[in-house]
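Everything below concerns the one structure shown next.
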Amino acid sequence: MSQENVEALRRAFEASASEGYDLSPFFALYSRDVELYVSPSAAESGVWRGFDAVTKWWLDIVATWDRVSWEPREFIDIGDGVLDVVDLYAWNRQSDIALRQQVAHVFRFSGDEIVRVEYYFAGKQEALEAVGLSE
């Protein structure tokens, strides 16, 4: 199942990028009970539970930015999930501040649904350590 999960995420990233950072391809994969963990390396860290809370968190974050784009760099099969490494680009809606950051996500699956998303703003190394791997 792991390779299918990697491919599902690739398709979600491609669809999201083609629609101008539309998150609905990811939301379509979420379980109703999805959980979001945002590591302390992010400005707004914590845990959100349930589809509505998790999707609201993402939509609120995106709303702060005028333009957002991301380029996936790597997908790593970690058994029950997929760790991805992404170059994130965003421009603040209220200033000329641009953000360019490598971030990582860990998507945990149950069957073909995402049941947990972990967001690591400090990038690949932070995510690898969190899942017990090293480069």
Going by the conditions given, is SER2 modelled with pLDDT of 90 or more and hydroxyl-bearing (Ser, Thr, Tyr)? no
Failed criterion for LEU128 (all others in (1) under 22 Å from LEU59 (Cα atoms); (2) surrounded by 14 or more Cβ atoms within 10 Å (Cβ to Cβ); (3) not polar (S, T, N, Q) hold): (1)
Just to verify a result, which residue in region 76-103, among those that are polar (S, T, N, Q) and closer than 21 Å to TYR37 by Cα, is modelled with the highest pLDDT? GLN102
Kindly evaluate VAL106 against the criterion of being crowded, with 17+ Cβ neighbours inside 10 Å and not charged (D, E, K, R). yes
State yes or no: is GLU35 farther than 26 Å from GLU135 by Cα, out of contact with any Ser or Thr (no Cβ under 9 Å at 6 or more places or on another chain) and charged (D, E, K, R)? yes
Output for region 1-37, where each listed residue is among the β-branched types (Val, Ile, Thr) and farther than 15 Å from VAL86 by Cβ: VAL34
Over region 5-51, the set of residues among the charged types (D, E, K, R) and modelled with pLDDT of 90 or more is GLU7, ARG10, ARG11, ARG32, ASP33, GLU35, ARG49
Could you please find all residues in region 95-135 being in a loop (DSSP other than H, G, I, E, B), in contact (Cβ under 8 Å) with a residue 60 or more places away in the chain and of a type in the set (A, V, I, L, M, F, W, C)? PHE121, ALA122
Selection status of LEU99, more than 13 Å from the chain's Cα centre (by Cα) and either buried (at least 16 other Cβ atoms within 10 Å of the Cβ) or farther than 20 Å from GLU7 by Cβ (or both): yes
Tell me which of these ALA122 doesn't satisfy, since it passes every other one: (1) on the phi < 0 side of the Ramachandran plot; (2) among the small types (Gly, Ala, Ser); (3) in contact with a helix residue (DSSP H, G or I) (Cβ under 9 Å, 6 or more places away or on another chain). (3)
Going by the conditions given, is ASP87 without any contact (Cβ under 8 Å) to a residue 40 or more places away in the chain, under 25 Å from GLY132 (Cβ atoms) and within 13 Å of the chain's Cα centre (by Cα)? yes
Given the condition among the acidic types (Asp, Glu) and either surrounded by 12 or more Cβ atoms within 10 Å (Cβ to Cβ) or touching a Leu at 6+ places or on another chain (Cβ under 6 Å) (or both), answer yes or no: does some residue in region 50-64 qualify? no
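The values are calculated or read from the model by the stated rules, or taken from the named source; none is laboratory data. In this text, all values refer to a predicted model and were calculated from it rather than measured experimentally. So basically every Cβ, Gly included, is an ideal-geometry build from the backbone, and we count neighbours across all protein chains shown.
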